[in-house]
Amino acid sequence: MKNTLTYDSYQEASTVSKKIKSKNLKKTISGFLGLKTLIDETNKQIVKKITVQKESKINPQYPLQFKNIRRELGCDFGLYDDLKRGTAVLTNNNELNQYIYSYGNMHKAKLDKTYTKLFESLDLYSNNKIEILDYACGQGLASIVLLNYIENNFDYCLSNIQKITLVEPSEVALKRAEKILNQSANICTINESFDDLTEKHFNSDKSVTKIHLFSNILDMGDEYFDMKHIADVIAKSQGGINYFVCVSALNKVKLDSFKEMFELFDGFTDISSFEGRFTNHQGWKMKFNIFKIGG
Ligand SMILES: C[S@@+](CC[C@H](N)C(=O)[O-])C[C@H]1O[C@@H](n2cnc3c(N)ncnc32)[C@H](O)[C@@H]1O
């Protein structure tokens, strides 16, 4: 994907370089060609980090239910400590499988509760197209559980999901997320840490309702990434109606300060919040904020 600034500079450089060529000013040409090469290289680097599927899915399929994925892949490899309480950027399949084994059921349970609240406010049938954006998606758990939830609770045609955008610094996790979700919708992957994102990474359609998922990541905010930066990137790049689903086990203060960054936007609506524990024997902690801007 070429961003506007560098694309314009590229066009300008090519035009001028053609004119100079005709005057046979060899020395100056090499300067412009150098600029062109530099711009081409920069564009190549952006393209390398973003992949977008252009074809729309002819017959989209819901992904496997998460419990089946966990049954198939979740395995205790003795790597629990390497996960660093979920904060590590994972580097191999054994770590991915350990993550599913150690955290999968707890994260799924928290997401299910949160999605119940989301869909009390978001009427899937009244919104035409939907885009899901899953930030620090890991293996795509939040998107998978969301699609499972929709499949289990609604009679919803998957072709209304225009795109799933997956953002994640771990290449191996991102590839797995893409593989699992690939049959369900067009996938855009962005292999970046939050602090390296700019609005140019996103291509937003104002007419599409966006669901932004922050699952088990905002509690790491301002220690691992700048929360204000990611909020700014979203604010600059996303128009139309935007729902935010922010869920974590810890640190409600971080979730609240992220929400506050959007409170002055048009159409801000505080939909639902929770801070407490599951009543099951594990007593898992759960915090969530759901809010909306635009529309
Ligand atoms: C606890 S996991 C959550 C993964 C997934 N959202 C879920 O709920 O299972 C935290 C994720 O944050 C990613 N991560 C770590 N540092 C990051 C950063 N600076 N920017 C963006 N993501 C980061 C990790 O690679 C990991 O996938």
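The values are calculated or read from the model by the stated rules, or taken from the named source; none is laboratory data. This is a predicted model, so every value here is computed, not measured. Please note: Cβ atoms are built from the backbone with ideal geometry, for glycine as well, and neighbour counts cover all protein chains shown.
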Check your understanding: In the stretch 110-162, what residues are under 18 Å from the mean Cα position of the chain (by Cα), of a type in the set (Ser, Thr, Tyr) and within 24 Å of LYS206 (Cβ to Cβ)?
Key -> TYR135, SER143
Review point. If you go through the stretch 146-186, how many residues are of a type in the set (Gly, Ala, Ser), assigned to a loop (DSSP other than H, G, I, E, B) and surrounded by fewer than 17 Cβ atoms within 10 Å (Cβ to Cβ)?
Key: 0
Review point. Within the stretch 60-103, can you find the residues that are free of Cβ contacts under 8 Å to residues at least 12 places away in the same chain, within 26 Å of PHE194 (Cα to Cα) and either in a helix (DSSP H, G or I) or away from the ligand (no atom under 12 Å from the Cβ) (or both)?
Key: ASP81, LYS84, ARG85
Point to revise | Number of the condition not met by ALA142 [criteria: (1) under 21 Å from ILE100 (Cα atoms); (2) of a type in the set (Gly, Ala, Ser); (3) away from the ligand (no atom under 16 Å from the Cβ)] | key: (3)
**Study point:** Of all residues in the stretch 84-142 being within 17 Å of PHE214 (Cβ to Cβ), in contact with a strand residue (DSSP E or B) (Cβ under 6 Å, 6 or more places away or on another chain) and charged (D, E, K, R), the one that is surrounded by the most Cβ atoms within 10 Å (Cβ to Cβ)
**Key:** ASP134
Revision key, fill the gap. Residue pairs qualifying under the 6 Å Cβ cut-off, at least six apart or on distinct chains, with the first in the stretch 207-236 being at pLDDT below 95 and the second being within 11 Å of the ligand (Cβ to nearest atom) and part of a helix (DSSP H, G or I), are none
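Per-residue answers, yes or no, for (1) out of contact with any strand residue (DSSP E or B) (no Cβ under 8 Å at 6 or more places or on another chain); (2) in the same structural domain as ASN148 (by TED's automatic domain parsing); (3) not aliphatic (A, V, I, L, M):
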position	(1), (2), (3)
ILE161	no, yes, no
LYS179	yes, yes, yes
ASP195	no, yes, yes
LYS210	no, yes, yes
Study note, to complete from the structure: Across the stretch 104-139, the tally of residues that are within 16 Å of the ligand (Cβ to nearest atom) and among the β-branched types (Val, Ile, Thr) stands at 2
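Any residue at all in the stretch 182-191 that is within 14 Å of the ligand (Cβ to nearest atom), in contact with a Pro (Cβ under 8 Å, 6 or more places away or on another chain), at pLDDT 95 or above and not aliphatic (A, V, I, L, M)?
Yes, the stretch 182-191 contains at least one residue that is within 14 Å of the ligand (Cβ to nearest atom), in contact with a Pro (Cβ under 8 Å, 6 or more places away or on another chain), at pLDDT 95 or above and not aliphatic (A, V, I, L, M).
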Point to revise | Residues located in the stretch 187-232, provided they are surrounded by 19 or more Cβ atoms within 10 Å (Cβ to Cβ), more than 23 Å from GLY86 (Cβ to Cβ) and out of contact with any helix residue (DSSP H, G or I) (no Cβ under 8 Å at 6 or more places or on another chain) | key: CYS188, VAL208, THR209, LYS210
